[in-house]
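Here's the structure we're looking at; comments come further down.
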Amino acid sequence: MKQSSGRVSQAAVVAVKKGRVCLITSSSGKRWLVPKGNLQSGCDLRETAAREAWEEAGLVGTVRQRPLGVYEFVKLGRLHEVVVYRMRVREAKREWPEKDKRRRRWLRPGKAAERIAHVQLREIVAAAIGRGDRAA
């Protein structure tokens, strides 16, 4: 987990396929969000985003070069900075590493944004949706 100035660096992905956005449940199952995880040594943020999309949602696709945005939150007293990328999904597998821990839903853009509680993430998702699927 890479840190700078006490911050935890993470990457996330807004996954889009056929005009729908993929949301997953948090590990507690109480909230809807996008796949995200900690930056690991030897990986860059885009690789981390792609890995999390696979592990948490079973998604394979192309992660866009430029990030959509960044959001922050505090967890266990530490600031987490999350860089969010857009992914054009080629395939959604039936089986994936965290299938038993999370639910996956494909939602119309407006519904996806409505279900996300974190305001900054909701704004990033809404902006990504407005860019269209060809932007991946």
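Key figures for this structure:
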{"read-out": "Candidates R122, R46, R86: whichever shows maximal mean-square fluctuation once the chain is modelled as a Gaussian network with Cα springs under 10 Å", "value": "R122"}
{"read-out": "Within segment 41-96, GluC sites (Glu not before Pro) in DSSP loop having at most 14 other beta-carbon neighbours inside 10 Å", "value": "E95"}
{"read-out": "Across K30/K93; K36/K99; K18/K99, pairs whose alpha-carbon gap is larger than 18 Å", "value": "K30/K93; K18/K99"}
{"read-out": "Size of charge dipole - segment 56-115 - debye, nearest 20, with Cβ of Lys, Arg +1 and Asp, Glu -1, no other charges", "value": "300"}
{"read-out": "Percent RCO, i.e. relative contact order, over the chain, from Cα pairs under 8 Å lying at least 6 residues apart", "value": "31"}
{"read-out": "Charge context of K99, other residues only, Cβ under 11 angstrom, K/R +1, D/E -1", "value": "+1"}
{"read-out": "Selection from Q10, V82, I124 lying farthest towards where the dipole of the chain points positive, charges on Cβ", "value": "I124"}
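Bear in mind that the values in this text are calculations on the coordinates, not laboratory data. None of these values were measured; they are calculated from a predicted model. When we count neighbours, we look across all protein chains shown, and the Cβ atoms used for this are built from the backbone with ideal geometry, even at glycine.
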